[in-house]
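Please read the structure below before turning to the comments.
The values are calculated or read from the model by the stated rules, or taken from the named source; none is laboratory data. Being a predicted model, the structure only gives us computed values, none of them experimental. All Cβ positions, glycine included, derive from the backbone under ideal geometry; neighbour counts span all protein chains shown. Note: accessible area is taken over every heavy atom of the protein model, side chains too, but ligands, DNA and RNA are not part of it. Shrake-Rupley method; radii C 1.70, N 1.55, O 1.52, S 1.80 Å.
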Amino acid sequence: MAYVLGVIGVAIATFTSTNIDDIFVLLGFFADPKFRLRQIIIGQYLGIGVLYGVSAIASLLALVIPAAYIGLLGLAPIYFGLSRLWELWNGGEAGDNPEDHAKASAGHGNIVAIALVTIANGGDNISVYTPLFATRSAYEVLAIGCTFAVLTAVWLGAAHSLVNHPKLGAPIRRHGHRVVPFVLIALGILILYEAGTVTLFR
């Protein structure tokens, strides 16, 4: 029992330390009426699932993915941030037309956007997860994955609760969709910088 708890403890520490900033990204998505709850949940789980899957495969193949190439994922949040800024600039304020929002949310574009931002934001997590998985058995890697799934739900619940908080929720919902584009662009630039991706263009 102590052994299992030890593995779960490692998983909790790893997930928490590598996904703190993801809470703020989720706050932005929950504050934006254009993103539905179902889309955010599916997109987030897809993103975390890809990060977990790639890390597991990389550990099995003893593959080392250069950080500079992982950093290319930072272009995704920059693109989505610029797109949202363009919408706001052209008067596409959230809440203008509920029918339009319903139509926009009918497709899978929002889910893909959320998944890509999650992957880009957690791209550097692969360098942490891969060596961790490489030193664990298949059962331990599976246990870590299950723990990640539970913690992803906790992250989603925490962000959703903050957005809907009696006092904090109103200002987040009122101004969140205006802040999100700048957060995404800054996030993308930070990813490109920290990963050393700029060296690929020299």
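Among the candidates GLY122, GLY43, GLY47, which residue alone is under 21 Å from LEU162 (Cα atoms) and at pLDDT 75 or above?
Just one listed residue meets the conditions, GLY43.
Of all residues in the stretch 28-62, which are assigned to a helix (DSSP H, G or I), farther than 11 Å from LEU156 by Cβ and open to solvent by less than 30 Å² (accessible area, probe 1.4 Å)?
GLY28, ALA31, GLN39, GLY47, LEU51, GLY53, SER55, ALA56, ALA58, SER59
Tell me, which residue of the stretch 118-152 that is under 30 Å from ALA186 (Cβ atoms) and part of a loop (DSSP other than H, G, I, E, B) is most open to solvent (accessible area, probe 1.4 Å)?
The selected residue is ASP124.
Just for the stretch 129-148: of the residues that are hydrophobic (A, V, I, L, M, F, W, C) and touching a residue at least 60 places away in the same chain (Cβ under 8 Å), which one is nearest to ASN19 (Cα to Cα)?
Result: PHE148.
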